[in-house]
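**Q** Structure provided below as structure tokens; questions to follow.
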Amino acid sequence: MELPALGLGGFDALARPWFLKDEDGSLVGGFRVMPHMANPNGVCHGGMLATFCDVHMSVATVYRHAELAPRLLPTVSLSLDYLQPIPLGAWVQGRAQLLRAGRRLAFIQELLTVDGVPAVRASGTFSVPSADTGGDEMRRRLRGLLGT
């Protein structure tokens, strides 16, 4: 299913289309590398990969972990290791994993693969706001769209 806007804002919309599916309660994300996502060398741009990881790690974590659902998770830091170039037309799939969540910070990692081979490893630290910031509504809408 294509990831809808979900009120996530403008910038990441330039990097789409992105797709989501529920696999046993986890939100798996992916996209096919299209020309507007490529750098001059004809491979997926690092900024595109960073944008996808940034958004997907937060959304997938809020989707899976109900205790974080009232919140959207703003990024504090993001680090990526680019393990191999990803060519035009490749299907990129990501799985996020919450490593630890405290009252103020959540630590999340993601692995992007192409044909089952690791291509990008991402690590992020996200702020856990104390107030409801719309994550519950986003989680509800995603579950409705995915039929879960």
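**Q** According to the square roots a ≥ b ≥ c of the eigenvalues of the Cα gyration tensor, what is the shape class of region 65-128, taking rounded for a/c under 1.5, prolate for a/b larger than b/c otherwise, and oblate for the remainder?
**A** Prolate shape, in that a/c is at least 1.5 and a/b is the bigger ratio.
**Q** To continue, here is another question. Quote to one decimal, in nm, the extra length available between Gln97 and Arg140 on full extension: 0.36 nm per residue of separation minus the C-alpha distance between them.
**A** Numbers: separation 43, 0.36 × 43 = 15.48 nm, distance 2.00 nm.
Working it through step by step, the gained length comes to 13.5 nm.
**Q** With r defined as the distance between the Cβ atoms of Arg104 and Glu23 and R0 fixed at 25 Å, what FRET efficiency is calculated, to the nearest 0.05?
**A** Details: r = 29 Å, r/R0 = 1.18.
The value I calculate is 0.25.
**Q** Hey, how many Å between the Cα centroid of region 34-59 and the Cα centroid of region 109-125?
**A** Distance between centres, Cα-based: 12 Å.
Each reported figure results from applying straightforward, stated rules to the coordinates on display, with no laboratory input. What you are looking at is a predicted structure, and each value in this text was computed from that prediction instead of being measured. All Cβ positions, even for glycine, are placed from backbone atoms using ideal geometry, and neighbour counts span all protein chains on display.
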